[in-house]
Amino acid sequence: MTDDNLNPPPLQTGRRATVRLKPRAEARAIRHGFPWVYADELVTDRRTQALPPGTLAVLEDGDRRTLGLVTVNTRSKIIARVLDRDPEAVVDRAWFQARLVRALALREHLFDAPFYRLVHAEADGLPGVIIDRFGDVAVVQPNAAWAETALSDIVAALVAVTGVRTVVKNGQGRARGLEGLAEELAVVHGPVPQGPVPVPMNGALYMADVLGGQKTGLFFDQRPNHAFAARLARGARVLDVFSHVGGFALAALAAGASSALAVDASAAALGLAGQGAAAAGFADRLSTRQGDAFEVLEALGAEGARFDLVICDPPAFAPAKPALEAGLRAYERIARLAAPLVSPGGFLVLCSCSHAADLTAFRNASARGIGRGGRRAQIIHTGFAGPDHPVLPQLAESSYLKALFFRLDG
């Protein structure tokens with residue numbers, strides 16, 4: 001659990017504090033919907049510094065005109081996050097329920113079954129909060145101090161709105177560290193899941209380990225890109241690198257791929273991929289190879305292996321701007337190693353979930369790598385995260401996933 005300093009009083013107690021932008025800070029961006037205030041934009045006097053992480057406060061511009069209700073964490077580079085344009089808003093269980101009802105309405109419009117990202121942080125009006133739904137199980141990531149404080153109300157509202165039986169708190173990952181929050185993984189409502197949760201998607205069956213897997217246990221964001229890759233996979237030999245629980249490989253097999261090789265560093269993730277293939281009836285067409293992706297790609301090249309469809313979906317090589325140049329070199333290297341493995345006229349899919357690397361930079365790095373791998377290519381499709389990962393137009397960081405589909409020459 002978090003320490004005492006990260007457990008401020010309830011969100012609605014007494015008169016609210018007021019925090020103010022510095023005179024040169026850009027208040028107009030916030031008025032137009034930008035949801036963050038950076039530490040160098042806020043007046044951080046002794047009174048502000050004394051606010052416990054997660055405190056609600058009224059934000060004013062440099063001329064003391066009210067901008068809205070924010071949550072403050074002086075330990076974070078994102079020192080304030082906009083919660084509501086109404087500075088008098090009451091952030092209680094009913095407030096959370098209203099946000100969740102709106103989020104649920106979109107997902108129920110998009111999907112026939114309750115397997116999706118239910119809340120995508122700022123884009124769904126809940127800054128720093130991620131909620132993925134797996135049928136009767138939901139996984140909540142409270143990645144901001146205010147959400148940690150309000151977790152009991154978030155969970156109660158979630159159960160009331162969706163009827164889920166189990167809620168898992170996944171308090172792990174880089175984002176919580178940036179907020180000064182400790183790591184924690186716990187079932188906070190309902191029975192403990194007994195084993196992985198089966199998730200039907202794109203004709204395949206995935207096994208989500210909501211208690212021991214990466215992030216929430218499954219990556220819903222790639223769903224439309226899995227589907228597009230599946231269109232290229234009928235009768236194909238498929239290589240899925242950084243496969244996790246079989247993301248692209250299982251979708252390809254469900255669409256009629258002749259075989260798929262899933263590569264990942266995690267034996268547990270590959271085991272779940274195997275379980276998913278077995279449950280769907282095509283275990284005989286899936287093989288797995290555990291190891292470092294770069295080393296496996298080099299080894300496959302040395303072996304003279306060839307595939308009709310190769311997909312590389314690595315973790316974020318550039319999670320922040322300081323890592324951008326190194327990250328782009330890594331994406332280029334992946335493309336260079338993967339391109340020679342594609343059979344003449346075959347397809348190469350390269351993905352990036354690094355918001356610091358925009359589409360142009362990622363595309364250029366991928367093209368350089370393909371060229372250095374001795375191949376020429378044409379882009380046939382560019383994919384992004386699915387609609388259950390909505391983008392806040394004012395916040396570029398909420399649009400992070402890119403998937404480039406190349407057809408390679410002979």
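The values are calculated or read from the model by the stated rules, or taken from the named source; none is laboratory data. All values reported here derive from a predicted model rather than from experimental measurement. Virtual Cβ from ideal backbone geometry, glycine too; neighbours counted across all protein chains shown. Accessible surface is based on the protein model in full, side chains and every heavy atom, while ligands, DNA and RNA are left aside. Shrake-Rupley method; radii C 1.70, N 1.55, O 1.52, S 1.80 Å.
How many residues are part of a loop (DSSP other than H, G, I, E, B) and in contact with a Leu (Cβ under 8 Å, 6 or more places away or on another chain) if we restrict to the stretch 63-84?
Start the filter on the stretch 63-84 by keeping residues that are part of a loop (DSSP other than H, G, I, E, B), which leaves 63-65, 73-77.
Imposing the further condition that a residue be in contact with a Leu (Cβ under 8 Å, 6 or more places away or on another chain) reduces the set to 74, 76-77.
Matching residues across the stretch 63-84 total 3.
Listed by position, the strands (runs of 3 or more DSSP E) inside the stretch 257-367 whose residues that are surrounded by 18 or more Cβ atoms within 10 Å (Cβ to Cβ) and among the small types (Gly, Ala, Ser) number at least 2 are 259-264, 342-352. Look at the stretch 36-47: where a residue is in contact (Cβ under 8 Å) with a residue 12 or more places away in the chain, no partner that is aromatic (Phe, Trp, Tyr) and open to solvent by less than 60 Å² (accessible area, probe 1.4 Å) sits 6+ places away or on another chain with Cβ atoms under 9 Å. Would you check which residues across the stretch 114-159 are hydrophobic (A, V, I, L, M, F, W, C), open to solvent by 10 Å² or more (accessible area, probe 1.4 Å) and over 16 Å from the mean Cα position of the chain (by Cα) and list them? Those that are hydrophobic (A, V, I, L, M, F, W, C), open to solvent by 10 Å² or more (accessible area, probe 1.4 Å) and over 16 Å from the mean Cα position of the chain (by Cα): Val137, Leu151, Val155, Ala156, Val159. For beta carbons closer than 9 Å, sequence separation of 6+ or different chains, a first residue in the stretch 12-29 that is more than 11 Å from Glu41 (Cα to Cα) and among the small types (Gly, Ala, Ser) and a second that is modelled with pLDDT of 95 or more and assigned to a loop (DSSP other than H, G, I, E, B), the qualifying pairs are Ala17/Leu51.
Contact annotation: residue pairs with Cβ atoms under 6 Å, 6 or more positions apart or on different chains, pairing a residue in the stretch 226-250 that is under 20 Å from Thr382 (Cα atoms) and without any contact (Cβ under 8 Å) to a residue 40 or more places away in the chain with a partner that is open to solvent by 40 Å² or more (accessible area, probe 1.4 Å) and in a loop (DSSP other than H, G, I, E, B), are His226/Asn202; Ala227/Asn202.
Tyr400: touching a helix residue (DSSP H, G or I) at 6+ places or on another chain (Cβ under 9 Å) and modelled with pLDDT of 95 or more, yes or no? So that I can check it myself, show each step before the final result.
Values: touching a helix residue (DSSP H, G or I) at 6+ places or on another chain (Cβ under 9 Å): yes; modelled with pLDDT of 95 or more: no.
Against the criterion (touching a helix residue (DSSP H, G or I) at 6+ places or on another chain (Cβ under 9 Å) and modelled with pLDDT of 95 or more), Tyr400 does not qualify.
Pull up the stretch 205-244, narrow it to residues that are basic (Lys, Arg) and open to solvent by 40 Å² or more (accessible area, probe 1.4 Å), then point me to the one that is farthest from Pro315 (Cα to Cα). Filtering first and then ranking leaves Arg234.
Within the stretch 171-183, none of the residues are farther than 30 Å from Lys77 by Cβ and either in contact (Cβ under 8 Å) with a residue 12 or more places away in the chain or under 14 Å from the mean Cα position of the chain (by Cα) (or both). Is there a residue in the stretch 203-220 that is within 19 Å of Leu272 (Cβ to Cβ) and part of a helix (DSSP H, G or I)? Yes, the stretch 203-220 contains at least one residue that is within 19 Å of Leu272 (Cβ to Cβ) and part of a helix (DSSP H, G or I).
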